[in-house]
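These notes concern the structure reproduced below.
What follows draws every value from the coordinates through simple rules; no lab data is involved. Small disclaimer: the values here were computed from a predicted structure and weren't measured. Virtual Cβ from ideal backbone geometry, glycine too; neighbours counted across all protein chains shown.
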Amino acid sequence: KAGVTQTPRYLIKTRGQQVTLSCSPISGHRSVSWYQQTPGQGLQFLFEYFSETQRNKGNFPGRFSGRQFSNSRSEMNVSTLELGDSALYLCASSSIGGSTDTQYFGPGTRLTVL
Amino acid sequence: GENVEQHPSTLSVQEGDSAVIKCTYSDSASNYFPWYKQELGKRPQLIIDIRSNVGEKKDQRIAVTLNKTAKHFSLHITETQPEDSAVYFCAATNGGSQGNLIFGKGTKLSVKP
């Protein structure tokens, strides 16, 4: 099976702009989670989608949003970008997103906000 | 909510030595504890995981132990090799029916030849 894929791999934006990142899970996986990775804060959970519904959300402002499509592909959107949003955004897919499901990560999207 | 502490933040060993990384968690409802290895510029890769009904799991040179009473779990790498050099993250699920992972801050392991 093909692994988790993310597009684009790199993005450069300026403050105030918005950005949309895409994640395609492993075939057959229905749960997609998003994480933000920064040197200072490490890996932090953003939100999780299952069957087109957001089931769980981390402690991030409302500028961070997402959605999932019927084919399980997911997008996340960040509006009104701030310098502090510069990070590696990782998505992970799992079978059903249960509490003991293995999560497999994509290569990430490196977002730089100038 | 869940909180995961990981120690040490950096670890340097000689090739062939063993390396041990320790994590503690706060939520007694957590029941899944994966370990990920992340090489520079690459995605986190699952190397081993353990579920709460098991106390120890081994896969070749890698082993993980879990002490649910004390709420800590550890990664053991034996006969380390230079290619083991990477950042290692422990994680715990946040309990409940969904599995969002709460990560430790990571341990940078350097294996010197």
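Observations, loosely collected:
- Taken as a whole, the condition of being in a loop (DSSP other than H, G, I, E, B), in contact (Cβ under 8 Å) with a residue 24 or more places away in the chain and of a type outside the set (S, T, N, Q) does not apply to A:LEU21.
- For B:GLY41, the conditions (1) more than 10 Å from chain A (Cβ to nearest Cβ); (2) at positive phi; (3) of a type outside the set (A, V, I, L, M); (4) out of contact with any strand residue (DSSP E or B) (no Cβ under 6 Å at 6 or more places or on another chain) all hold with the exception of (1).
- Meets criteria (at negative phi, of a type outside the set (Lys, Arg) and touching a residue at least 24 places away in the same chain (Cβ under 8 Å)) for A:THR102: no
- Each residue in the range A:65-79 was checked for being within 14 Å of chain B (Cβ to nearest Cβ) and either within 15 Å of A:GLN44 (Cα to Cα) or touching a residue at least 60 places away in the same chain (Cβ under 8 Å) (or both), and 0 of them qualify.
- When restricted to residues that are within 11 Å of A:LYS13 (Cα to Cα) and either out of contact with any Phe, Trp or Tyr (no Cβ under 8 Å at 6 or more places or on another chain) or among the small types (Gly, Ala, Ser) (or both), the range A:80-111 contains 6.
- Reported count of residues in the range A:91-103, each being within 7 Å of another protein chain (Cβ to nearest Cβ) and out of contact with any Asp or Glu (no Cβ under 8 Å at 6 or more places or on another chain), is 5.
- Verdict on B:ALA91 being outside any helix (DSSP H, G or I), small (Gly, Ala, Ser) and within 14 Å of chain A (Cβ to nearest Cβ): yes
- Residue within the range B:47-68 that is in contact (Cβ under 8 Å) with a residue 40 or more places away in the chain, assigned to a loop (DSSP other than H, G, I, E, B) and touching a Lys or Arg at 6+ places or on another chain (Cβ under 7 Å) present: no
- Residues in the range A:12-42 that are under 15 Å from A:ARG110 (Cα atoms), surrounded by 16 or more Cβ atoms within 10 Å (Cβ to Cβ) and over 11 Å from the mean Cα position of the chain (by Cα): A:LYS13, A:VAL19, A:GLY42.
- Of all the listed residues (A:GLU48, A:GLU82), the sole one being acidic (Asp, Glu) and at the interface with chain B (Cβ under 10 Å from one of its Cβ atoms) is A:GLU48.
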